[in-house]
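Visitor: Quick one: structure below, then a few questions.
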Amino acid sequence: MIFDLSWLGAGLVLLLVVVFLFNAVRIFREYERGVVFTLGRFWQIKGPGLVIIIPVVQQAVRVDLRTVVLEVPTQDVISRDNVSVKVSAVVYLRVIDPQKAIIQVVDYLNATSQLAQTMLRSVLGKHMLDDMLAEREKLNTDIRQALDAQTDSWGIKVANVEIKQVDLTESMVRAIARQAEAERERRAKVIHAEGELQAAEKLFQAAKILAQEPQAIQLRYLETLTVIGADKNTTVIFPLPMDLLAPFLEKRK
């Protein structure tokens with residue numbers, strides 16, 4: 001029995017071609033890039049689109065260029081005024097240099113996460129508790145700049161850092177509430193004192209004007225009686241000027 005080996009050879013060649021194409025063809029999406037290595041050495045960055053890779057000789061590592069939202073776990077932070085708080089944050093980052101992101105660091109997401117936790121404790125530890133509660137935007141900027149300066153050598157751009165939540169102990173919440181209440185009482189007393197001062201100044205000016213004409217005070221008395229009489233009161237209190245009593249007091253002396 002005779003076998004035709006030509007068909008076997010053609011089939012083997014076709015199989016090798018299919019395997020070669022399966023391992024050689026790479027398709028990178030618009031937001032992906034391929035870091036290509038030739039015999040272990042960096043060659044170039046490929047993509048997006050269709051890329052041909054020589055099997056065995058070359059390897060390609062996919063890198064996603066989209067913005068990644070990295071959640072920083074809750075950290076125990078001691079503020080500058082020795083107050084213990086729990087702070088959580090979110091980091092927005094993206095790869096701007098795929099070559100550095102693959103070559104310079106093993107896992108850039110994990111490395112950035114660990115660095116963000118350290119930066120969060122370091123930066124917030126330099127500020128007072130009031131700054132953490134009132135100046136979020138400034139603290140976000142400080143953390144982003146410090147983190148971006150460290151990740152620049154990894155080809156990572158930190159676009160934004162947002163502090164999500166600052167948790168306080170119940171005793172500290174009560175202390176802040178007492179402080180706010182005391183501050184409001186202080187403001188109320190200051191406003192009341194300023195009102196009394198302004199009223200005293202106006203009364204002083206009015207007294208000076210009335211003192212220029214003795215008959216003016218009599219007109220004020222009559223106007224006061226008119227106001228009292230409009231309410232149909234049965235009792236009328238009439239203020240007696242001291243000028244009328246002065247002669248009698250002198251005779252008595």
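The values are calculated or read from the model by the stated rules, or taken from the named source; none is laboratory data. These figures come from a predicted structure and were not determined experimentally. Virtual Cβ from ideal backbone geometry, glycine too; neighbours counted across all protein chains shown. Ligands, DNA and RNA are stripped out before the accessible areas are found, and what is left, the full protein with its side chains, is counted by its heavy atoms. Shrake-Rupley method; radii C 1.70, N 1.55, O 1.52, S 1.80 Å.
Visitor: Against the definition (touching a Leu at 6+ places or on another chain (Cβ under 6 Å) and among the aliphatic types (A, V, I, L, M)), how does Ile156 come out, yes or no? Give the steps one after another, and end with the answer.
Guide: Working: touching a Leu at 6+ places or on another chain (Cβ under 6 Å): yes; among the aliphatic types (A, V, I, L, M): yes.
Yes.
Visitor: Next up: Can you name the number of the only condition in (1) surrounded by 14 or more Cβ atoms within 10 Å (Cβ to Cβ); (2) part of a strand (DSSP E or B); (3) not charged (D, E, K, R) that Ala101 fails?
Guide: Looking at each condition in turn, Ala101 falls short on (2).
Visitor: Now for a separate question. Quick check on my filter: what residues within the stretch 54-82 are open to solvent by less than 20 Å² (accessible area, probe 1.4 Å) and either assigned to a loop (DSSP other than H, G, I, E, B) or under 26 Å from Glu170 (Cβ atoms) (or both)?
Guide: If the condition is that a residue be open to solvent by less than 20 Å² (accessible area, probe 1.4 Å) and either assigned to a loop (DSSP other than H, G, I, E, B) or under 26 Å from Glu170 (Cβ atoms) (or both), then Val72, Gln75, Val77, Ser79 are the ones that fit.
Visitor: I need a count of the residues in the stretch 172-183 that are out of contact with any Ser or Thr (no Cβ under 9 Å at 6 or more places or on another chain) and open to solvent by less than 70 Å² (accessible area, probe 1.4 Å). If you could, list the steps in order and put the result at the bottom.
Guide: Here is the first cut: in the stretch 172-183, the ones out of contact with any Ser or Thr (no Cβ under 9 Å at 6 or more places or on another chain) are 173-183.
This time we only want the ones that are open to solvent by less than 70 Å² (accessible area, probe 1.4 Å), so: 175-177, 180, 182-183.
Count: 6.
Visitor: Continuing with this model, one more query. Considering only the stretch 52-72, state which residues are modelled with pLDDT of 90 or more and either within 28 Å of the chain's Cα centre (by Cα) or among the β-branched types (Val, Ile, Thr) (or both).
Guide: Val61, Val63, Asp64, Leu65, Arg66, Thr67, Val68, Val69, Leu70, Glu71, Val72
Visitor: Of all the residues that make up the stretch 30-53, how many are open to solvent by 60 Å² or more (accessible area, probe 1.4 Å), in contact with a Pro (Cβ under 9 Å, 6 or more places away or on another chain) and outside any loop (DSSP other than H, G, I, E, B)?
Guide: 1
Visitor: Name every residue in the stretch 141-163 that is in contact (Cβ under 8 Å) with a residue 24 or more places away in the chain and within 17 Å of Ser79 (Cα to Cα), in order of residue number.
Guide: Within the stretch 141-163, Ile143, Ile163 meet the criteria.
Visitor: Just need a number here: residues in the stretch 104-121 that are surrounded by fewer than 16 Cβ atoms within 10 Å (Cβ to Cβ), closer than 14 Å to Ser153 by Cα and free of Cβ contacts under 8 Å to residues at least 40 places away in the same chain.
Guide: 2
Visitor: Can you spot a residue in the stretch 80-93 that is of a type in the set (Lys, Arg), closer than 30 Å to Leu133 by Cβ and in contact (Cβ under 8 Å) with a residue 60 or more places away in the chain? Lay out the reasoning, then the answer.
Guide: Going residue by residue through the stretch 80-93, those that are of a type in the set (Lys, Arg) are 80, 86.
With closer than 30 Å to Leu133 by Cβ added as a condition, the list becomes 80, 86.
Add one more test, that the residue is in contact (Cβ under 8 Å) with a residue 60 or more places away in the chain, and what stays is 86.
Taking every residue of the stretch 80-93 in turn, at least one turns out to be of a type in the set (Lys, Arg), closer than 30 Å to Leu133 by Cβ and in contact (Cβ under 8 Å) with a residue 60 or more places away in the chain.
Visitor: Among the residues that make up the stretch 138-153, is at least one of them loosely packed, with under 15 Cβ neighbours inside 10 Å, under 8 Å from the mean Cα position of the chain (by Cα) and not in a helix (DSSP H, G or I)?
Guide: Of the residues in the stretch 138-153, the ones loosely packed, with under 15 Cβ neighbours inside 10 Å are 138, 141, 145, 149, 152-153.
So of that shortlist, the ones also under 8 Å from the mean Cα position of the chain (by Cα) come out as 138.
Then drop every residue that is not not in a helix (DSSP H, G or I), which leaves none.
Looking through the stretch 138-153, none of the residues is loosely packed, with under 15 Cβ neighbours inside 10 Å, under 8 Å from the mean Cα position of the chain (by Cα) and not in a helix (DSSP H, G or I).
Visitor: Testing Thr118 on (1) farther than 20 Å from Gln165 by Cβ; (2) under 36 Å from the mean Cα position of the chain (by Cα), one condition comes back false. Which one is that?
Guide: For Thr118, the exception is condition (1).
Visitor: Filter the stretch 122-137 down to the residues that are part of a helix (DSSP H, G or I) and open to solvent by less than 70 Å² (accessible area, probe 1.4 Å) and list them by number.
Guide: Taking the stretch 122-137 as the starting set, the residues that turn out to be part of a helix (DSSP H, G or I) are 122-124, 129-134, 136-137.
Result: Ser122, Val123, Leu124, Leu129, Asp131, Met132.
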